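One structure below.
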Amino acid sequence: TAGGILPALIGTLWLVGVALTAAVPLGIAAAIYLSEYAPDNTFTRIINLAIINLAGVPSIVHALFGLGAFVIFLKPLTGGTCILAASLTLAIMTLPVVIVSTRESLQAVPQAFREACWSLGATRWQTIRKVVLPNSISGILTGVIIQVSMTVGETAPIMYTGAVTYVAFLPESFTDETMAMSLHLFNLSFVMQDIPEALPYGVALTLIGLVLTLNSVSIAFRMRLRRKKKW
């Protein structure tokens with residue numbers, strides 16, 4: 001209530017980092033399967049429909065799912081309410097964004113590139129790893145940028161799974177509970193009493209600055225990769 005936000009700032013970076021670590025590899029792998037391996041049949045169409053529906057689920061539903069799955073059911077593995085449980089909940093919530101953006105980027109690579117590799121004797125996986133993925137990485141980063149923005153700003157999914165109102169220490173591992181900027185802003189705005197009027201606005205401005213900084217780094221990296229394209 002005095003204005004300190006360092007534990008919340010560091011905790012937010014922890015949540016974003018662990019959520020990215022969980023969601024990005026799984027999302028890219030799922031997109032590769034759907035784009036490059038899966039046949040066009042009823043099963044694949046059901047998977048695509050499930051991904052679209054998952055993207056439309058409200059965040060509070062993801063919060064209750066994370067509470068049941070990662071805090072209660074998998075408590076022996078996650079340790080209950082902690083950064084890992086909150087980050088896995090955020091990863092599940094943002095996974096459809098990564099899958100859809102990656103799949104569209106993979107499908108944007110010309111089919112002639114694949115056929116040229118196959119004619120030279122390359123396997124399907126060698127073609128994906130050496131040609132398709134390098135030429136679609138900039139589009140994949142678009143999904144990662146969107147995921148970062150969503151992860152930083154979400155409150156409900158972390159409120160029940162790992163974020164707390166106050167801790168007097170900085171998180172040192174993903175088994176710790178932590179403060180988060182979005183939950184801290186919610187508490188200052190609607191829960192806590194007798195705080196300076198300017199404090200919530202300062203936290204909000206800092207949160208916006210954090211999102212802009214993370215996105216700017218990702219966009220700069222994406223633009224650098226795009227300049228290396230030969231087509």
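The values are calculated or read from the model by the stated rules, or taken from the named source; none is laboratory data. Only a predicted model underlies this, so the values are computations on that prediction, with no experimental measurement involved. Methodologically, a virtual Cβ is constructed for each residue, glycine included, from the backbone with ideal geometry; neighbour enumeration extends over all protein chains shown. Only protein heavy atoms, including side chains, enter the accessible area calculation; ligands, DNA and RNA are left aside. Shrake-Rupley method; radii C 1.70, N 1.55, O 1.52, S 1.80 Å.
Hey, does the stretch 56-77 have a residue that's farther than 30 Å from Asp176 by Cβ, free of Cβ contacts under 8 Å to residues at least 40 places away in the same chain and not aliphatic (A, V, I, L, M)? The answer is yes, given that some residue of the stretch 56-77 is farther than 30 Å from Asp176 by Cβ, free of Cβ contacts under 8 Å to residues at least 40 places away in the same chain and not aliphatic (A, V, I, L, M). Every condition in (1) out of contact with any Gly (no Cβ under 6 Å at 6 or more places or on another chain); (2) under 23 Å from Met181 (Cβ atoms); (3) modelled with pLDDT of 90 or more; (4) of a type outside the set (Gly, Ala, Ser) holds for Val148 except the one numbered (3).
Restricted to the stretch 138-168, and to residues there that are among the hydroxyl-bearing types (Ser, Thr, Tyr) and assigned to a helix (DSSP H, G or I), the residue that is farthest from Leu13 (Cα to Cα) is Ser138.
Okay, residues lined up against (1) under 30 Å from Gly79 (Cβ atoms); (2) in contact with a strand residue (DSSP E or B) (Cβ under 8 Å, 6 or more places away or on another chain):
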| position | (1), (2) |
| --- | --- |
| Glu177 | yes, yes |
| Met181 | yes, no |
| Leu188 | yes, no |
| Asp194 | no, no |
| Ala204 | no, no |
| Leu207 | yes, no |
| Leu210 | yes, no |
| Ser216 | no, no |
| Met223 | no, no |
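All of (1) in contact with a Ser or Thr (Cβ under 7 Å, 6 or more places away or on another chain); (2) open to solvent by less than 30 Å² (accessible area, probe 1.4 Å) hold for Ser138 with one exception: (1). Considering (1) open to solvent by less than 30 Å² (accessible area, probe 1.4 Å); (2) modelled with pLDDT of 90 or more; (3) closer than 14 Å to Gly162 by Cα, the lone condition that Leu88 does not fulfil carries the number (1).
Residues that are closer than 18 Å to Gly143 by Cβ, without any contact (Cβ under 8 Å) to a residue 40 or more places away in the chain and not hydroxyl-bearing (Ser, Thr, Tyr) within the stretch 18-52 comprise Pro25, Ala29, Ile47, Asn48, Ala50, listed in sequence order. The residues of the stretch 169-209 that are in contact (Cβ under 8 Å) with a residue 40 or more places away in the chain, among the hydroxyl-bearing types (Ser, Thr, Tyr) and assigned to a helix (DSSP H, G or I), listed by number, are Ser182, Thr206. Of everything in the stretch 5-51 that is outside any helix (DSSP H, G or I) and open to solvent by 60 Å² or more (accessible area, probe 1.4 Å), the residue that is modelled with the highest pLDDT is Pro39. Between Leu106, Leu67, Leu54, the distinction of being assigned to a helix (DSSP H, G or I), in contact with a Ser or Thr (Cβ under 8 Å, 6 or more places away or on another chain) and open to solvent by 20 Å² or more (accessible area, probe 1.4 Å) belongs to Leu67 only. Against the test of being of a type in the set (A, V, I, L, M, F, W, C) and within 16 Å of the chain's Cα centre (by Cα), the options Val211, Val167 yield a single qualifying residue, Val211.
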